[in-house]
Amino acid sequence: MLTQQKSDIFDWLSGHLLSCPFKAQFGFDCPGCGLQRSVLALLKGNLVESFKFYPATIPLLALLIFTFIHLKVDFKFGAQLIKLVFTGIAVIILINYIYKIYNHQLIN
């Protein structure tokens with residue numbers, strides 16, 4: 001019963017993903033395209049599929065969690081670490097987008 005409810009929720013979420021305004025306007029993916037599908041795959045427990053959709057999802061979620069903890073605990077070098085990890089995530093997003101351009105994967 002619980003498994004069926006989870007499946008129904010995931011099916012509903014899959015059918016109600018937000019459309020990308022950038023893709024609607026210009027006809028090709030933006031650097032953030034794939035994030036929603038990646039989060040959905042992660043919620044289903046499929047790490048590999050999540051990574052394939054959008055490699056920056058897991059680091060982004062980890063950064064969000066760390067940031068909320070840092071706001072409560074105030075780590076000594078927390079702000080510097082957040083900046084460093086954010087820069088790394090931006091590099092991951094850029095590399096992923098260049099990869100998609102190079103392999104002609106921007107138009108679905």
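With all pairs of separate Cα atoms included, region 8-68 yields a Kirkwood hydrodynamic radius of 12.5 Å.
May I have the count of lysine pairs in the chain with C-alpha atoms under 24 Å apart, counting pairs 8 or more residues apart or located on different chains? Summing the qualifying lysine pairs gives 7.
Cα centroid distance between region 58-76 and region 77-100, in Å? When both Cα centres are located, 15 Å separates them.
With charges set only on the Cβ (+1 for Lys and Arg, -1 for Asp and Glu), what does the dipole of the chain come to about its Cα centre, in debye to the nearest 20?
With Lys and Arg at +1 and Asp and Glu at -1, about 200 debye.
The value given for region 69-108 is a Kirkwood hydrodynamic radius of 12.1 Å, derived from the mean inverse Cα-Cα separation. All Cα-Cα distances of the chain, cut into 10 Å bins from zero to the largest, leave 13, 34, 32, 17, 3 percent in each bin in turn.
For region 80-102, list residues with backbone N below 19 Å from a point placed 7 Å from the Cα of LYS23 toward its Cβ? Output list for this probe position: 93-102.
No lab work stands behind these numbers, since they all come straight from the coordinates. What you see is a predicted model, and the numbers here were worked out from it, not measured in a lab. As a convention, Cβ positions derive from the backbone with ideal geometry for all residues, glycine included, and neighbour counts pool all protein chains shown.
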